[in-house]
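What follows is a single structure, written as structure tokens, with notes after it.
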DNA sequence: CTGGTGACAGTTTTT
DNA sequence: CTGTCACCAG
């Protein structure tokens, strides 16, 4: 636990000021790598320690679970167990909790379920169909975007002012969508924010309660807030705002999701007396890298000028390379990484490859696999989006809230139990006629059956066989619901897996089935963490947390391999060595952003975010040719490259000498040089990842770096192998497939080549 | 219920 | 060139 002096020690002047300015609103404009998390956490510790603020009066809001977790960890180090009394969480998690507690006042069911994107989509699809509209003309996806946008801006269907026919239709779909949500006792992600705002606006008493409870409000990543979030914070902070927000306009890259970097400027307007603190000193990168970043971002007009600097000196020049095509782009990266590792200048895990679009990862992955280099891919299918996980969760959701119609239709015939589309259609229609949720209709059916007077009273449009199947399903759900009381979460989950026969259904003997089963086992291990809670709260909390988390914690930190990720995913991370690929017109900046100056500024910020991830070395790559949608095309270097002063880039001085104004990097020259180095490394180096990998028992069949051939997934590289029970669990990166965890004894997989 | 087919879109996606 | 999804045949 730190003393007060320690809390301030090691902070620079600006950081100290940010920590110590306790009264009134504070806006911290924190450049990348300027220690904003540090400021945030130290301020919390300072409030408690120096100011005697009870920890439970402090709420710190983040955007991601990861950021929240990080903050908690750091605060644990600063203030010990007291950190448990702090409220730290994402906007969505905090709102979800408030809504659960204030369900009555908010006018929602305390058992509401949270719909994710997939659930939302099926609901939107239903809304479109309910209105007898063509879902080709009014694509649910597009409708959903509009709905989400409206919600982010706190516009209800009643407030929509349709200007065109399309608007009008979208508005009616929005209305229907809202009704459907209510019928399912469900809230979507946006609702969590919107409903919390509405609650605060409409219920002065509740609002006053929360203001009293949380006199100290801190918000991270302020530039990423949307209108609903801004409003929520403003309401919570109140007039005598003790509000502390940290952000950076230049790192706002989520406008497409409703984030509005203008909220930074708006804050100054809404809180004219706010203390504004600028953090420009960077603790991450070399001055050269910062100069590149400054040069790129300086061209944005809509920003407060800011200039990053470091006191740690120049560092080496950045490298700009033109590859012939995307294949060579990948090869060049690998050669360079091998080169750096061989000279001891970096470890594999220090390197990252960043791209604008996910599609770009494919050729890069291919190159990695071809060259036998392991890698980690960020952003493959998210754990909780996997089919089997969604299915199992749908059962739990249904036990929790049987009116969740999306969950119901997901699993009513999963595993197959003879309830076909026709049956479901008839059931849904019948429920609609009675004006009750689908599950309520099932219950009616069951009761009538029991009373044995079904003929006269209940006239469901269903055949006997269909009815029998539905009754069996209803009995199953009822049984599970009853069983819930006496079981802890893990036992309940196991019962679901057994009674629904989902476990046997998934384990069909195929490799894919095995993988899916392993995912379910992973879910089991998550559920185990909730096993100690009382049955009622366990399920509620579990479902809520699981709905608000996109991925389980990855242990990836431990794997020493380069990371492949989008520029968006790179935000908040740092790497010693960064490769940004595809620096080409129409890719970065993206073609879809070319005709809108606002969006162009965002592309520039995206580039800026990428550049500022690098600590020591930065490589900027583009291809002379690129194959997109099956068509090979000659490409032009990105305009962002042209903004970089020549002296910062290796080899560009010559251009300066030649007074060459344009940036057209002649392919021949750079390519030639690079090709030579590719060849020499390939020859000189039998790559030896074993030097940096962690030791593994010799009894195991696979080792990190081994190339394998899998029957289904094709070629891959072993990233990690460890003992699991008496079997060997192997993590393999497959080209175009991503990471797979396999059991050595089961997987139809052979070693093709080994590392040494 | 599975598997095949054809149409279609393909930027980013913290929750 | 892919991956996805709706739809239909067996």
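Arranged from fewest to most other beta-carbon atoms within 10 Å of their beta carbon, A:528, A:484 become A:528, A:484.
Geometric descriptor of chain A, per residue, is 188 Å³ (volume of the convex hull of the Cα atoms).
Maximal additional length on extending the residue A:751-residue A:182 stretch stands at 199.4 nm, based on 0.36 nm per residue less the C-alpha distance.
Per-residue Cβ neighbour counts within 10 Å put A:183, A:544 in the sequence A:183, A:544, beginning with the fewest. Dividing the helix sum by the residues of chain A, where each DSSP H run of 4 or more adds -39500 (n - 2.57), gives a mean residue ellipticity at 222 nm of -14500 deg cm²/dmol.
Note: relative contact order over region A:190-318, using C-alpha pairs below 8 Å and six or more positions apart, is 21 percent. Of all DSSP beta bridges confined to chain A, the antiparallel ones make up roughly 40%.
Listing A:306, A:269 from fewest to most neighbouring C-beta atoms within 10 Å gives A:269, A:306. For chain A, the longest principal axis of the alpha carbon atoms and the long axis of helix A:326-342 meet at an angle near 70°. Given R₀ = 51 Å, what would the calculated FRET efficiency be for residue A:66 paired with residue A:451, taking r from the Cβ atoms and rounding to 0.05? In this case the efficiency is close to 0.40. Sequence-distant contacts, meaning Cα pairs under 8 Å at least 6 residues apart, place the relative contact order of region A:352-453 at 15 percent.
What FRET efficiency comes out for residue A:73 versus residue A:129 if R0 is 41 angstrom and r is the Cβ-Cβ distance? Round to the nearest 0.05. After rounding, the FRET efficiency stands at 0.30.
When you restrict to C-alpha pairs under 8 Å that are six or more residues apart and normalise by the size of chain A, the relative contact order lands at 15 percent.
Every number in this text was worked out from the coordinates using simple rules, so none of it is lab data. Since this is a predicted model, take the numbers as computed values, not measurements. Because the Cβ atoms are built from the backbone with ideal geometry, glycine has one as well, and the counts that use them run over all protein chains shown.
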